[in-house]
Amino acid sequence: MIFTIAAIAQIIINIVLIVLSTQLRTPSLASIRDIILVVLLLGSSLLILSGCLQLRQKTWNLQKGMAFAIAFLGVVGLTITVANEAQFYWQKYRVVLGAEVESLEVFGKHFIVGYKDINDAVKLVEKRAIAGVFITTRNIENKTYEEIKTELETLQEIRRSQGLSPLWIATDQEGGIVSRLSPPLTYLPSLSEIVAKEKNIENIKKAVIEYASTQGRELSDLGINVNFAPVVDLNKGVVNQRDRYSQIYRRAISDDSEIVTLVAKWYCSTLVQFDVKCTIKHFPGLGRVENDTHVADAELNASVEELEQDDWIPFREIMKDSSAWTMLGHAKLMALDTQHPVSFSPPVIRGLIREKWQYRGILITDDLCMKAVYGSSEGINGAIKKALISGVDLLLIAYDPDLYYEAMASLLQGHRLQPTGTR
């Protein structure tokens, strides 16, 4: 009886490990992937050993059958883990060492990628395999201001030696709850707090310009030339307790489209003075969206007419100035495309933005490591191809840099892809 209970427990553990092994390379596990990998390798190996030791009996019985199941499931889990890891490292090898620089450069000019190890970033820049990098909290931990600055300058120096234009070095420094580089950069409240404090429009303008000047000066001095701000989604007061990451109601400037437009224009025009690009986000507007695209599919159900009269006013007004980038979110704009998130929706990107609106500025996706993308029917590889063909200029892979190698390996497999973005 005791053996039976122990054997059932080992079989259950095996099943859990098998499920984990199939999910190991999903972005949701990126922050603890190394720990899980050790657990999978060690756990499966121990279970195989346990099953094999129990198989020493000469006669076949229930105990021996369960021991065989334990060993067999352990082998399955270990095989899946090793196979997935081998595939990843093969893809990484193909990109970093196996691919021709000319081939990498064709698609690399469309990628902005986060990194965990600066050496990985250096290799990709040397191979002309990316257009830029994204830096966040993990890249500055336990480093001095000068160390961070030197690290970024090292990457730019490689580009200069190649005779190429500077890398895009981007970050998320909105202020408030999204202040990835504070410290060492000055922590500032959200723009909504700045707006709420002042009643007079001229005082708001002065405060926003001062705010943006501080950010622009500090970002530029550190070596950053793109900020993924401001948020121009309208605050529609949508609060979902399961929304852990988006929380637009806390990040939006205002519920008034005219105020948002003015503040965003002042903010962007000030950043430009410090040679820092602004990025308005997250088109088509997430203020009305309930689900968090980091962890689930999401839908925007408003009509095009309603959005044009409200949510899209800041986007349309600022997009008239093509120096501002526009970030495409991962919610589905149901009025135009019920199948694809906006970030890789042909009807929205090509049909609405590029053709109807005649927008020629830079379009960049939100982080493609979100569940709404990698969990879609196309997966990240299909999403990237549709995004490029539709007219997206830049693809952001920030949270889980490992996904870049899978995406690039897929693009290098000889697909006849003809991106239609503006650069």
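Structure above, values below:
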| read-out | value |
| --- | --- |
| For the chain, cysteines whose Cβ has no other cysteine Cβ within reach (under 4.7 Å) | C52, C369 |
| Rounded to 5, percent antiparallel among DSSP beta bridges of the chain | 10 percent |
| Highest to lowest packing among 368-376, 254-262, 130-138, 179-187, scored as the average C-beta count within 10 Å | 368-376, 130-138, 254-262, 179-187 |
| Spin-label pair Y93/E299, simplified geometry with 7 Å Cα→Cβ offset, distance in nm | 4.6 nm |
| Length released on extending from R160 to S45, taking residue separation times 0.36 nm less the Cα-Cα span | 36.5 nm |
| Centre separation in Å (Cα based) which lies between segment 329-407 and segment 263-311 | 15 Å |
| Per residue accessible area of the chain, 1.4 Å probe, in Å² | 45 Å² |
| Signed unit charges on C-beta, dipole axis of the chain, positive-most listed residue V75, A331, Q413 | V75 |
| Cα gyration tensor, segment 177-294 - rounded (a/c under 1.5), prolate or oblate | oblate |
| Accessible surface of segment 225-312 [probe 1.4 Å, protein heavy atoms]: carbon and sulfur percent | 40 percent |
| Charge dipole (debye, nearest 20) of the chain; +1 at Cβ of Lys and Arg, -1 at Cβ of Asp and Glu | 1160 debye |
| Furthest towards positive pole of dipole, I209, A129, P166, structure part segment 111-266, Cβ charges | A129 |
| Percent of beta bridges antiparallel (DSSP, segment 88-222, rounded to nearest 5) | 25 percent |
| Protection-proxy order for peptides 83-94, 202-213, each taking the mean of Cβ atoms within 10 Å per residue, highest first | 202-213, 83-94 |
| Correct option for Rg/Rh (Cα atoms, Kirkwood Rh) [calculated from the coordinates] among (1) 1.05; (2) 1.43; (3) 1.08 | (1) |
| The chain - percent relative contact order, Cα under 8 Å, separation 6 or more | 13 percent |
| Within the chain, helix-based [θ] at 222 nm, where runs of 4 or more DSSP H residues each add -39,500 (n - 2.57), nearest 500 | -15000 deg cm²/dmol |
| Distribution of pairwise C-alpha distances over segment 96-179, 5 Å bins, in % | 3, 14, 25, 25, 17, 9, 5, 2, 0 |
| Candidate aspartates and glutamates for bridging to K116, where Cα separation is under 14 Å - those fewer than 8 sequence places away on the same chain excluded | D34, E141, E151, D400, D402 |
| Where labels lie 7 Å past Cα in the beta-carbon direction, separation of E126 and R360 in nm | 3.9 nm |
| For A296, distant residues with modelled amide H under 5 Å away | K371, A372 |
| Relative contact order %, segment 119-209, counting alpha carbon pairs below 8 Å whose residues are six or more apart | 24 percent |
| Accessible heavy-atom area order of R250, R244, highest first, probe of 1.4 Å | R244, R250 |
| Segment 220-375: Lys pairs at Cα distance under 25 angstrom, eight or more positions apart or on different chains | 19 |
| Percent carbon-and-sulfur accessible area, segment 47-187, ignoring ligands, DNA and RNA, probe 1.4 Å | 59 percent |
| Relative contact order (%) - segment 294-373, alpha-carbon pairs under 8 angstrom, separation at least six | 40 percent |
| Rounded percent of accessible protein surface that carbon and sulfur make up, segment 323-381, 1.4 Å probe | 48 percent |
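The values are calculated or read from the model by the stated rules, or taken from the named source; none is laboratory data. These numbers come from a predicted model, not from an experiment. Using ideal geometry, Cβ is built from the backbone for each residue, glycine included, and neighbour counts are taken over all protein chains shown. What goes into the accessible areas is simple: the full protein's heavy atoms, side chains included, and nothing from ligands, DNA or RNA. Shrake-Rupley method; radii C 1.70, N 1.55, O 1.52, S 1.80 Å.
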